[in-house]
1. From A:Ile27, A:Ile100, grab the single residue that is out of contact with any His (no Cβ under 7 Å at 6 or more places or on another chain) and either facing another protein chain (nearest Cβ under 10 Å) or of a type in the set (Asp, Glu) (or both).
2. Specify which of the listed residues (B:Tyr69, B:Tyr78) is closer than 30 Å to B:Leu409 by Cβ, of a type in the set (Phe, Trp, Tyr) and in contact with a Gly (Cβ under 7 Å, 6 or more places away or on another chain).
3. Can you find a residue in segment B:231-254 that is among the polar types (S, T, N, Q), more than 37 Å from the chain's Cα centre (by Cα), assigned to a strand (DSSP E or B) and surrounded by 17 or more Cβ atoms within 10 Å (Cβ to Cβ)?
4. A:Ser72 fails exactly one of the following numbered conditions: (1) within 11 Å of chain B (Cβ to nearest Cβ); (2) surrounded by fewer than 13 Cβ atoms within 10 Å (Cβ to Cβ); (3) among the polar types (S, T, N, Q). What is the number of that condition?
5. Collect the residues in segment B:782-831 that are without any contact (Cβ under 8 Å) to a residue 60 or more places away in the chain, of a type in the set (Ser, Thr, Tyr) and closer than 27 Å to B:Ile743 by Cα, keeping them in residue-number order.
6. From B:Lys493, B:Lys485, B:Lys557, which residue is surrounded by fewer than 18 Cβ atoms within 10 Å (Cβ to Cβ) and modelled with pLDDT of 85 or more?
7. Determine if segment B:659-674 includes at least one residue that is closer than 23 Å to B:Asp534 by Cβ and modelled with pLDDT under 85.
Amino acid sequence: MKTLSRAEETILLTILKLGEGAYGVSIREQISKDTGQEWSFASIYTPLDKLRRKGFVKKIKGHPLPERGGKSRYFYEVTPSGIQSLIELRESQQKIWAGIPDIILESNGKK
Amino acid sequence: MTKARLKPPWIADLILKALLAEEEYFEKSGDLEEVYRCLAEKSGIFRAKIWYWAQTLKAMPSFLINSIYWRHIMFKNYMQIAWRNLKRHKAYSFINITGLAIGLACCVMIMLWIQHELSYDRYHQHADHIYRIARDITEGTLQGHKAITTSPPLAPALRDGFPEIVEVTRIGRRGDRLFSYEQNHFLERDFFFADDSIFKIFTFSFSKGDKTTALNTPNSLVISESIAEKYFGNEDPLGKTIILDEKTDFVVTGVIKDMPSASHFVADIIMPFETIAKIDGINLSNWGWNGFYTYILLRPDASPDALESKFKTMLQEYQRQGFYFLRRERLFLQPLKSIHLHSHSMGELSSNIHVSTLILFGTIAFLILLIACINYMNLVTARSSFRLREIGTRKVVGAHRGQIAKQFLGESIFTALFSLAISIILVELFLPVFNRFADRQLALDGVSFIQILPVILILVLFVGLIAGSYPAFYLSSFNPINVLKGTTGIRLKRSRLRNTLVVFQFSISIILIFATLQVKDQLHFIRNKEMGYDRNHIVILTMIDSEARKRQSALKKELKRNPEILNISSSQFLPNDVGSSTWINWPTKPEGLVIPIHAGEVDYDFIDLYGIEIVQGRNFSREFSSDRNGAFLINESAMKALGPEFHLGMDFGHWGSPESSGKVVGVMKDFHFLSLHEEIKPLYLFLNPDVNWRLSIKIRGGNIRETLQFIGQTMKKFSPHYPFEYRFFDDVFNRAYQTEQKIESIISIFALIAIFIACLGVFGLAAFTAEQKTKEIGIRKVLGASVSEIVYLLTRDLVRWVVLANVIAWPVAFYAMLRWLQNFAYRTNISAATFILSAFLALCIAVLTVSFQTFKAAAANPVDSLRYE
């Protein structure tokens, strides 16, 4: 099984959340909003590229747009194997989290 | 806010474009631009720009690593394919690499040479502010005659008269004198004498002694390290005494490092100017004694032009003091760094070179390289069918045209680099040969190599691009569908460009062959031209010993006792080079008639010995006692120049004196007393038998060795310490045309190389054509074609190309050689034979080159070529 890094996981989930409108700019904005941190383009392109090579996302060329200087948007779509890997990731995480006493989580969470 | 201002910073954009593949670039820069515009609207263009830059820079490392990674993979693949292709087609690789290596070797060698020629005199610390004073002489028919020698009083006048001149030095050169240290005697070919400021103007490095005082005292002497070793071995030279001509003592006060060979004068022995002036009786205040060189060091802020214009008033002043002849002179400055390339007057301190010569050989080397590049182009495109599958496959898996083009360019640069490595070895091997021709000591050492390295790399890149550009353009244009359908889908049309290039190669070769033939022709003409004097069996001695010179008549008597010796004559000049010149003058000369004339000192036997014909009047004769001090022989040209003023027995002023010094007793038939580059000019000869340096001895051709031995022994009796050296007049004569002989051999070598490389290419093409036509030939033979018909079929095209090349080459070669021949006042005509011979040679060589391939293909058994069908 190909493992996912933290950033890859975040990006995959964001693409799924955005649905059809997922491309570089919107992905970055969504992640920045969700995490409350400013993500640079570099930090999303590298994982995106890796995901593409692993076959978890697909790139689709859109129409050229004037606000992009006549360049096309490239939309991303999660492939079935990408969804599969997310499911596997969640399962393994649940396994890891299982058995951790609630007290620890709660007390730390309150701080 | 206008649209244009919304554009993102173009430099950052460029960086992205360079780092990313096309599609990636569109996506990423598009994303960035979208946000950028948004930001620009919201928080201003400046903040947006900063943001854009920050994003680009942050992304750079990952983009960079990515792009390098993929480039590396592809590069490795390209190199591998290039190397495999080189190995697989050994014969073609050999042709390409040999051609390019030879072409590059020629270029590197010529570049080393040009670099050397350009470096002359640049090592002097003040090189930019050193000038030589030269004279421009205008009088009568003589217009703007340049002379580089000046008179002794010029230097003090300059020093005192012009504050912007920091230092002045006079330099003189003498030669063929005897230098002795204890029992060792050396005949020095030349030595220099100069004012002590020579060491302040020029940069000399002293290994012993003090340069500020070395030439201060009379009879001091500065020598080079090699001279020090020659005279003193390991002893300390300082303070040692060297005797000049067995008379004057000189004390060594300084030792300098040998001067670099890239100097327009190389002095090994330097003596104080005034000491030598005293010994040789040089009149230091005579403005007419132009036998020396004057150099000045100008203040860096002074203008040379302004100085030049001030010389005129200075000369006018000395004119008033009685040096009336100064009125025809104008002084000008020659910058030190320009002397080697731009000064070509009589009496240069070393043989300077014409810029046009540098350009000529640079061009030839470059053309040879071009011929080699054409080979590469032709062979790669001709054989492109072998690479069609590869190109097709690459295109199918996604290579775009640019990548294929880059691959082939890379391949040609790779080949060029490989050839460069071989060419460096070739240069190492052949540099000594080149040095002998060019009369230089060039070496491919670290320093010179690093200096020309940038040019070499540019050259290699140039070769790679020129040779690779057409193949890259041509091969990358193939349509992958046609290519992969099989070679039938694409018709490799006979490339017109390929033929044009072959014609071009042959044109260059033919021009060079033509030039070689013509130079040979002219040299043959010179060797056999009737010069007007005898050149055979004449031995030349130079009588350096002044004592022996004074006892000339006794020496002659002694020599004449040998029956092998027919005649002896002494003279100051040899009949092929009468150097001194003056003006014709006599008491009743009409004002305004100015005739320059050359003058030579001879003795009674000169005319007889050299077989010079007297057409009017008589020869010098011992029977007329008045001849000793008052008889002149002039040549026909002088007679013509005098016109109606001439009559036998007319008064004649010696050395341009307005008073009569004697009578013209006879007229000689014109003979070539200068090289054939120049027309015969007016000349007069006069008697001065007891001071002449050159002894010409006419011998019977019988027993030359014994006769020479006898002459040697006799000479030893008269001057025991002087080494006996002789030359044959014929050799002396031929030396004058050394440059032409060298040009002949260098051009013929270049012609050979050019035709060799062109033939390599034609050979490769012929092999390829034969290979392509194997089946056609098989079928033709089955249908009854004979071997000769097939040979005709295969060579027909080549013959056509070479003939066409001739048509192109002829006018160019004809014009070029016409220009070259104009250097000679006496020259051959360009004959039809040269045209026909050069065409014939080129054709023969071309046909011979392909004959092997052609015959092999034509004689092959058709069964072999057809049976796989």
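1. Working: A:Ile100 fails: either facing another protein chain (nearest Cβ under 10 Å) or of a type in the set (Asp, Glu) (or both).
Matching residue, one of A:Ile27, A:Ile100: A:Ile27.
2. Values: B:Tyr69 fails: in contact with a Gly (Cβ under 7 Å, 6 or more places away or on another chain).
Checking each option against the conditions leaves just B:Tyr78.
3. For segment B:231-254, residues among the polar types (S, T, N, Q), more than 37 Å from the chain's Cα centre (by Cα), assigned to a strand (DSSP E or B) and surrounded by 17 or more Cβ atoms within 10 Å (Cβ to Cβ): present.
4. Exception for A:Ser72: condition (2).
5. Selection gives B:Tyr815 alone.
6. B:Lys557
7. Yes - at least one qualifying residue is present in segment B:659-674.
Results for (1) over 30 Å from B:Gln738 (Cβ atoms); (2) of a type in the set (D, E, K, R); (3) assigned to a loop (DSSP other than H, G, I, E, B), shown as yes or no for each residue.
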residue: B:Val615; (1), (2), (3): yes, no, no
residue: B:Arg622; (1), (2), (3): yes, yes, yes
residue: B:Arg628; (1), (2), (3): yes, yes, no
residue: B:Ile634; (1), (2), (3): yes, no, no
residue: B:Ala641; (1), (2), (3): yes, no, no
residue: B:Gly649; (1), (2), (3): yes, no, yes
residue: B:Gly666; (1), (2), (3): yes, no, no
residue: B:Ser675; (1), (2), (3): no, no, yes
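The values are calculated or read from the model by the stated rules, or taken from the named source; none is laboratory data. Keep in mind that what you see is a predicted model, and the values were worked out from it rather than measured. FYI the Cβ positions are ideal-geometry reconstructions off the backbone, even for glycines, and counts take in every protein chain you see.
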